[in-house]
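A short worksheet on the structure shown next.
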Amino acid sequence: MPVPSLLCEIISAAPEETLAAGEHFAAALRLGSVVALRGGLGVGKTCFVKGLARGLNIKEEITSPTYTIVAEYAGTFPLYHIDVYRLNSDDDFDNLGISELFDRGITVIEWSERIPKSIPLDAAIVEIDIITDGKRRIRWIKTA
Ligand SMILES: Nc1ncnc2c1ncn2[C@@H]1O[C@H](COP(=O)(O)OP(=O)(O)OP(=O)(O)O)[C@@H](O)[C@H]1O
Ligand SMILES: [Mg+2]
């Protein structure tokens with residue numbers, strides 16, 4: 001059973017701080033990186049992705065791909081922003097063939113906990129939750 005370890009924890013008091021966290025995080029990514037975001041409704045996952053996009057020099061505005069499932073943006077690397085909220089299982093994800101994109105750019109997946117088997121073992125896991133006063137705790141976790 002993989003043992004999770006904590007690589008980094010940030011407390012964000014405002015959306016701009018979550019954006020900044022995503023922007024800094026982008027520096028750790030390279031071609032083929034997959035970022036699995038975890039966290040409930042409205043915790044700030046898309047906000048984090050907006051920062052990540054800023055870190056990848058993407059000028060286009062990031063919008064939530066809840067209905068389209070995948071959105072692609074051109075930057076330092078192509079960014080594939082995926083939201084699997086509307087999928088029910090790993091099988092749904094498999095049928096869409098999305099994992100073929102992983103090697104072609106940087107992939108970030110909202111609601112990744114819904115498709116646990118589809119997340120590569122070496123993916124970066126970023127978990128966001130809401131703590132006191134509406135602040136967000138952003139944790140970068142690694143399983144090994
Ligand atoms: N510290 C914070 N970091 C990020 N968002 C915050 C923070 N404080 C308040 N917010 C608000 O929380 C909301 C987060 O929305 P966002 O769409 O990023 O969440 P999400 O996790 O992607 O939601 P969904 O589950 O619908 O995909 C925004 O309205 C934002 O203004
Ligand atoms: Mg979202």
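Values in this text are rule-based calculations from the coordinates and carry no lab data. This structure is a prediction, so every number in the text was calculated from the model and none was measured. Positions of Cβ are generated from backbone atoms using ideal geometry, with glycine treated the same way; all protein chains shown enter the neighbour counts.
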How far apart, in nm, are the 7 Å Cα→Cβ label points at LYS135 and VAL70?
-> 3.9 nm
Just add up the charged neighbours of GLU60: K/R +1, D/E -1, any other residue whose Cβ is under 13 Å from the Cβ of GLU60.
-> +1
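Local charge sum around LEU79 (other residues, Cβ-Cβ under 10 Å, Lys/Arg +1, Asp/Glu -1)?
Numbers: positive: none; negative: GLU60, GLU72.
Net charge in that neighbourhood comes out at -2.
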Estimated vicinal HN-Hα couplings, Hz - region 13-21 in sequence order (Karplus 6.51, -1.76, 1.60; Gly, Pro = x) = 9, 7, x, 4, 6, 5, 4, 5, 4
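Once a ≥ b ≥ c are taken as the square roots of the eigenvalues of the Cα gyration tensor of region 1-45, is the result rounded (a/c under 1.5), prolate (a/b larger than b/c) or oblate (a/b not larger than b/c)? Could you put the intermediate results ahead of the total?
Details: a/c = 1.68, a/b = 1.25, b/c = 1.35.
It is oblate, given that a/c is not under 1.5 and a/b is not larger than b/c.
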Separation of the SER5 and ARG86 label points, Cα + 7 Å toward Cβ, nm | 4.0 nm
So for the chain: antiparallel DSSP bridges make up what percent, rounded to the nearest 5?
-> 60 percent
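Relative contact order for the chain: what percent, with Cα pairs under 8 Å and sequence separation of 6 or more?
Details: 298 pairs, mean separation 52.9, N = 144.
It comes to 37 percent, rounded to a whole number.
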Around ASP92, with a cut-off of 12 angstrom between Cβ atoms, what is the net charge of the other residues, counting Lys and Arg +1 and Asp and Glu -1?
-> 0
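Treating only the Cβ of Lys, Arg, Asp and Glu as charged (+1, +1, -1, -1), what charge dipole size does the chain show about its Cα centre? Round to the nearest 20 debye. Spell out each step's value before the answer.
Values: 15 positive and 20 negative charges, 65 e Å.
Approximately 320 debye in magnitude.
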Projecting the Cα atoms of HIS24, HIS81, LEU56 onto the charge dipole of the chain, where Lys and Arg contribute +1 and Asp and Glu -1 at Cβ, the residue farthest towards the positive end is HIS24
